[in-house]
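Visitor: Can you keep this structure in mind? I'll have questions shortly.
The values are calculated or read from the model by the stated rules, or taken from the named source; none is laboratory data. Note that this is a predicted model, so its numbers are computed, not measured. To get the accessible areas, we keep the full protein, side chains included, count just its heavy atoms, and leave off ligands, DNA and RNA. Shrake-Rupley method; radii C 1.70, N 1.55, O 1.52, S 1.80 Å.
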Amino acid sequence: MLAVTSGALLGLSFPPLPLGVLACVAFVPFLILLERLESTARVLRYSYLTFFVFSVIALYWVGGFTHLKDPYLMMAGGILLVWQPVYFSAATFVFAFIRRELGVVRGTVALPFVWVTFEWMYALSQLSFPWLTLGNTQTYYLSTIQFIEITGVYGLSLWILVLNVIAWFAVKRVIAEGVTKRVLLPAVCFAVVFVLPNLYTLTMNADDAVRSTKQPLTIGIVQPNVDPWDKWEGSATFAGRWKQTQFYLSLVRKQKQDSVDISILPETAILFNLPATGEYYQAMQATLDSLNIGLISGYLGMHIYAPGTEPPSSSTFRGTDVHYDAYNAVLYIEPHNPLVQTYNKMRLVPFAERIPYADEVPFLIAPLRWGVGISNWGLGKDSTVFVDTRHNTKFLAMVCYESIYPEFVSAFVKKGAEFLVFITNDSWWGNTSGARQHNQFAVLRAVENRRWVARCANGGISSFIDPLGNMYDATSMYTEASIHHRIVPRTELTYYTRHGDWLAYFCGGVFVSQILLASLFSYLRRRRASS
């Protein structure tokens with residue numbers, strides 16, 4: 001019950017429930033449990049149970065189990081639900097080793113540094129899925145999260161874990177002694193640490209966080225609500241895909257009356273390599289010229305390799321030896337400007353979009369390719385910052401899952417992005433928590449970098465988020481919608497934008513020192529035992 005309680009508290013602390021405060025005590029039952037477990041096998045067994053419950057509650061949507069539409073998607077989601085607790089159990093194994101060698105109290109104090117280090121490392125590889133970063137639980141508490149302009153989301157994770165350790169000390173004393181004066185100190189410490197982020201918010205100058213010398217822009221978002229299964233499976237011909245693109249353009253035309261400067265379409269809205277087509281691209285350019293609206297859109301990018309230059313993971317056109325890579329890409333077309341700016345997605349969802357380390361294990365590509373044809377995207381390499389020459393402003397445009405990587409986003413801001421555009425297609429997952437979680441996580445990127453966010457989703461949720469994390473015009477799920485908002489580009493850089501995941505590096509340093517110290521204690525203990 002202790003394991004299940006911790007797992008449930010962690011799972012329930014994630015959006016869409018505004019219960020992030022639960023995360024501040026969620027580890028307490030688990031820490032109490034660990035004191036009762038003597039063998040490594042039992043530690044791993046109960047760790048897995050705890051984090052499996054956590055993963056199922058927070059990520060039940062990930063395999064599309066609610067609508068049972070695709071076996072591959074369900075298989076990939078099932079693998080993820082099994083894998084997540086394995087990784088968290090590895091973190092627990094290391095923590096349990098430190099605690100055993102350094103003592104329960106000293107070892108438990110190391111927990112925040114161990115956990116944050118593992119969260120950060122999880123975001124570094126092609127197998128990464130850092131969706132369950134603890135800091136992601138706090139997106140509804142704007143008065144709490146403002147300090148992440150200094151620390152990034154890992155500051156929230158560290159804060160949550162410190163609170164858990166203090167709460168554990170208090171509960172431990174209550175269990176041992178009852179409610180006595182000795183409980184007062186950890187209770188006061190908990191209260192002080194709990195309100196510290198709010199004190200930062202009270203002392204900061206909110207005007208500085210939004211002030212800018214740049215001229216505002218009116219950004220439009222088109223949420224077309226096209227069924228993704230029908231889109232990929234029903235648009236097999238080039239003419240069919242152009243017809244679909246014309247439908248999107250008809251929605252963009254309606255934003256003319258709103259004096260929109262730039263209109264945004266969602267991920268993979270255009271299902272062919274538009275910049276490489278003559279007639280269709282010219283038709284698109286002519287339409288945007290007549291509307292005087294810039295267009296940001298997802299599209300299917302493509303690169304065809306010269307013979308002998310292709311990577312092992314590349315695909316071939318059916319019946320030929322011609323190798324190519326298709327990219328989950330973004331384009332920006334300015335009216336009256338023949339230059340097309342493009343970006344190829346660089347952070348791809350493991351298995352759903354690309355087999356991890358596909359160039360190293362190309363033999364896995366064919367058997368693991370998703371039937372709808374989007375599980376072997378090429379891996380983008382160029383970090384494009386888009387330029388709007390009409391308004392002398394720069395912006396980033398990222399695809400879906402990329403928005404959950406804090407330092408990845410801040411690197412583009414450091415290169416000059418003055419507002420953030422996230423395009424996505426969360427309609428694969430049904431009317432579940434997934435789209436709501438994804439939308440809320442964008443709040444953290446806005447606050448970390450003090451940038452406006454324009455978030456365009458195919459079937460919802462689309463929204464605008466200001467540099468303080470306030471959300472505007474959020475759309476309903478599975479509705480066709482058109483929204484617009486006045487945003488202000490900013491050039492000022494936060495401490496986090498300039499220095500990235502410095503706090504995670506610090507936690508990593510403390511973690512390494514604790515591992516080395518615990519290893520030394522273990523060596524000395526074994527040496528004494530042998531002598």
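Visitor: Taking the full set of protein chains and a 1.4 angstrom probe, give the accessible area of Ile304 in square angstrom, rounded to the nearest 10.
Guide: 100 Å²
Visitor: Order Lys345, Lys394, Lys181, Lys214 by their accessible area, 1.4 angstrom probe, all chains in place, largest first.
Guide: Details: Lys345 0, Lys394 80, Lys181 185, Lys214 45 Å².
If we order Lys345, Lys394, Lys181, Lys214 from most to least accessible, we get Lys181, Lys394, Lys214, Lys345.
Visitor: So, one more: Want the number for Val387 to Ala474: 0.36 nm per residue separation, take away the alpha-carbon distance, what's left?
Guide: Difference between extended and current length: 28.7 nm.
Visitor: Lysines near Lys181 by alpha-carbon distance under 22 Å, same-chain residues fewer than 8 away left out - which ones?
Guide: Cross-link targets: Lys172.
Visitor: Next up: Using only Cα atoms, locate the centre of the range 112-163 and the centre of the range 453-531, then give the distance between them in Å, rounded to an integer.
Guide: Answer, in whole Å: 5.
Visitor: Go through Met1, Met74, Met477 and list them by solvent-accessible area, largest first, probe radius 1.4 Å. All intermediate terms of the calculation are to be shown ahead of the outcome.
Guide: On the way: Met1 175, Met74 45, Met477 25 Å².
Per-residue accessible area, sorted high to low, gives Met1, Met74, Met477.
Visitor: Just tell me, in residue order, which DSSP H segments of the chain are both 24 angstrom or longer along the helix axis (alpha-carbon based) and at least 1.6 in mean Kyte-Doolittle hydropathy. Display every interim value, and only then the final one.
Guide: On the way: long enough: 40-59 (27 Å, 1.29); 71-102 (47 Å, 1.06); 153-177 (36 Å, 1.53); 184-203 (27 Å, 1.90); 433-449 (25 Å, -0.62); 502-530 (42 Å, 0.66).
Helices meeting the criterion: 184-203.
Visitor: How much of the accessible area of the chain, probe 1.4 Å, is carbon plus sulfur, in whole percent? Don't skip to the end; give the middle numbers.
Guide: Numbers: 13330 of 21340 Å².
Carbon-and-sulfur percentage of accessible area, whole number: 62.
Visitor: To the nearest 10 square angstrom, how much accessible area does Arg100 have with a 1.4 angstrom probe?
Guide: Accessible area of Arg100: about 140 Å².
Visitor: Cα to Cα, under 17 Å, and not fewer than 8 places away if on the same chain: which lysines meet these conditions relative to Lys231?
Guide: Hits, sequence-local ones excluded: Lys69, Lys243.
Visitor: Straight distance only, please: which aspartates and glutamates reach the Cα of Lys381 with their own Cα at less than 18 Å, same-chain residues fewer than 8 apart left out?
Guide: In chain and number order, the partners are Glu310, Asp325, Glu353, Asp359, Glu360, Glu402, Glu407.
Visitor: Keeping every protein chain present and rolling a 1.4 Å probe, give me the accessible area per residue for the chain in Å². It would help to have the intermediate numbers written out before the result.
Guide: Values: 21340 Å² over 531 residues.
Per-residue accessible area for the chain comes out at 40 Å².
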